[in-house]
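Read-outs throughout are calculated quantities, based only on the coordinates presented, and are distinct from any laboratory measurement. Here the structure is a predicted model, which is why all the values come from computation and not from measurement. Using ideal geometry, Cβ is built from the backbone for each residue, glycine included, and neighbour counts are taken over all protein chains shown.
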Amino acid sequence: MKKDTKAAFLVENGFCEREYIEMQDMFSKMNISSRIISSDAELLTAWNKLDMPSDSHWGLKYAVDYHIGDAPGYNFDILVIPGGRRSAEKLRLDPSVKSFVSGFLDSGKPVIVYNLAHEVLFHLGLLGDYHISKYNPEIDYNLDIMTAGAHDSDIVCSGNLISLSGFDHDESLLAFYIESILSGKITDPGSNPIENKAA
């Protein structure tokens with residue numbers, strides 16, 4: 001992996017802070033820098049969804065580094081789309097998101113999606129032959145995303161798409177998948193996906 005590897009977090013207000021922090025912490029250990037990209041204002045407020053809905057609450061505010069219309073996607077090596085109901089709903093309705101995300105998918109760069117971010121790819125028609133991790137819909141779109149190659153696993157690496165369900169994933173496994181995609185060792189989404197079930 002090159003020394004100046006850069007990651008982009010594509011988010012809107014209400015993105016899942018827990019997922020963002022999990023990936024950001026891992027990137028720090030891997031010496032990967034990151035930036036926040038959004039179509040929203042200069043500051044975004046994260047959401048903390050906890051096991052008890054009554055305990056869920058708004059999180060910290062985060063500065064946006066690039067508006068999606070000005071974001072140089074070619075300068076980034078990895079794309080991460082955290083979940084979060086409000087963020088996912090806005091992303092799937094933004095016409096500029098499809099071209100931005102497809103640029104990463106088409107170029108073979110790692111794309112990491114968490115939980116409700118599966119909905120974004122599904123509704124934008126970007127899942128194609130990709131397989132995804134197990135899916136528990138929280139938003140009723142009256143669509144069965146399970147037909148889009150979902151597996152009973154918490155982590156699935158399918159081509160250059162890394163799909164995550166739940167929280168607290170194995171950092172060493174995630175790092176292995178990312179490094180394998182960046183080095184070109186994993187390329188074909190139509191081949192048998194690599195699955196991992198959390199203990």
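Structure values in brief
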{"item": "Inter-part distance where the range 1-49 and the range 75-91 are each reduced to a Cα centre, Å", "result": "9"}
{"item": "Where GluC sites (Glu not before Pro) fall in DSSP loop in the range 27-131, at most 14 other Cβ within 10 Å", "result": "E42"}
{"item": "Derived scalar couplings ³J(HN,Hα) [the range 157-168; Karplus, 6.51 cos²θ - 1.76 cosθ + 1.60; whole Hz; x for Gly, Pro]", "result": "10, 10, x, 9, 9, 9, 10, 10, 10, x, 9, 6"}
{"item": "Those lysines that a straight Cα-Cα span of less than 30 Å connects to K49, excepting residues fewer than 8 apart in one chain", "result": "K6, K29, K61, K90, K98, K109, K134, K197"}
{"item": "³J(HN,Hα), Karplus 6.51/-1.76/1.60, whole Hz, each residue of the range 90-105, x for Gly, Pro", "result": "6, 4, 6, 9, 8, x, 7, 5, 4, 5, 5, 5, 5, x, 6, 4"}
{"item": "Cleavage-rule hits (chymotrypsin sites (Phe, Trp or Tyr not before Pro)) in the range 1-73: DSSP loop, at most 14 neighbouring Cβ within 10 angstrom", "result": "none"}
{"item": "HN-Hα J in Hz across the range 70-80 - Karplus 6.51, -1.76, 1.60, θ = phi - 60°, x for Gly and Pro", "result": "10, 6, x, x, 5, 7, 10, 9, 9, 10, 10"}
{"item": "Fewest-first sequence of V120, V11 by Cβ atoms within 10 Å of each Cβ", "result": "V120, V11"}
